[in-house]
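What follows is one structure encoded as structure tokens, with my remarks underneath.
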Amino acid sequence: MKELELERIIITQEEIHKRVAGLGAQITEDYKDKDLFVIGILKGASVFMSDLIREIKTPLEIDFMSLKSYGASTKTSGVVRMLRDLDQDISGRDVLVVEDIVDTGLTLSYLKESLLVRKPASLKICTFLDKPSRRKVELEPDYCGVVIDDVFVVGYGLDYNEKGRELPYIAELKQ
Ligand code: 5GP
């Protein structure tokens, strides 16, 4: 099996851990008396999500959604299809969507619209990475781990053609 060629590590395992703990503490504070329902977006957010929920010290429930965005492997087309929907009703619940990375913002703005129709009590977005310079629609994550430049990254759940999700750090892919 051919290995992925990496340019450099941009966020180490230790830095990831620190940032996730910080986000968890902030979310714990904000959702202390709320009915927290955390939605992870498969597959990329699965690693971040499992770390994050263990840093949130208030009761919560989880579910997953799977979205497919059409386009070449390193670009988003903006056309999004839902492959897996939630098992549960989110009406009246305090929903926190957990995503691996916000790039153009097209995926999450589509998702936000389709979740708001279901009348949650609140809806916020937590992303581990953000590339604000690539935004095509107005979308500001409520919680963000690290802001990065316009480079394609893999690791910590993020893939290139399904490879690299298991890496414990985030690295820039060699072009
Ligand atoms: P958006 O709709 O915000 O453009 O794209 C979000 C999705 O594009 C992410 O969930 C992710 O699947 C993919 N994506 C965007 N940038 C990167 C990147 O640097 N690395 C990887 N592996 N996926 C990315």
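Values quoted throughout were computed directly from the atomic coordinates according to the rules given, and no laboratory measurement underlies them. Only a predicted model underlies this, so the values are computations on that prediction, with no experimental measurement involved. All Cβ positions, glycine included, derive from the backbone under ideal geometry; neighbour counts span all protein chains shown.
In debye, nearest 20: dipole of the chain around its Cα centre with unit charges on the Cβ of K, R (+) and D, E (-)?
Charge dipole, the chain, about its Cα centre: 380 debye, nearest 20.
Using only alpha-carbon positions, what ratio does the radius of gyration of the chain give when scaled by 2.2 N^0.38 Å?
1.00
Compute the distance from the alpha-carbon center of region 1-22 to that of region 124-162, in whole Å.
14
Using a basic spin-label model with each label point 7 Å from the Cα along Cα→Cβ, how many nm lie between residue 57 and residue 162?
If labels sit at residue 57 and residue 162, their model points lie 4.1 nm apart.
First measure r as the distance between the Cβ atoms of residue 46 and residue 26, then evaluate 1/(1 + (r/R0)^6) with R0 = 25 Å and state the FRET efficiency to the nearest 0.05.
E(calc), rounded to 0.05, equals 0.75.
Relative contact order, percent, of region 84-175 when contacts are C-alpha pairs under 8 Å separated by at least 6 residues?
Over region 84-175, the number comes to 24 percent.
Considering only the other residues whose Cβ falls under 11 Å of the Cβ of residue 155, what net charge follows from Lys and Arg at +1 and Asp and Glu at -1?
The answer is -2.
Multiplying the sequence separation of residue 83 and residue 137 by 0.36 nm and subtracting their Cα-Cα distance, what value in nm do you get?
Full extension from residue 83 to residue 137 adds 17.2 nm.
State whether region 2-105 is rounded, prolate or oblate according to the following rule on the C-alpha gyration tensor (a ≥ b ≥ c being the square roots of its eigenvalues): a/c under 1.5 gives rounded; otherwise a/b larger than b/c gives prolate, and the remaining case gives oblate.
oblate
Using the Kirkwood radius over C-alpha pairs as Rh, can you work out the diffusion coefficient of region 85-175 via Stokes-Einstein at 10 °C, viscosity 1.306 mPa s, in µm² per second?
111
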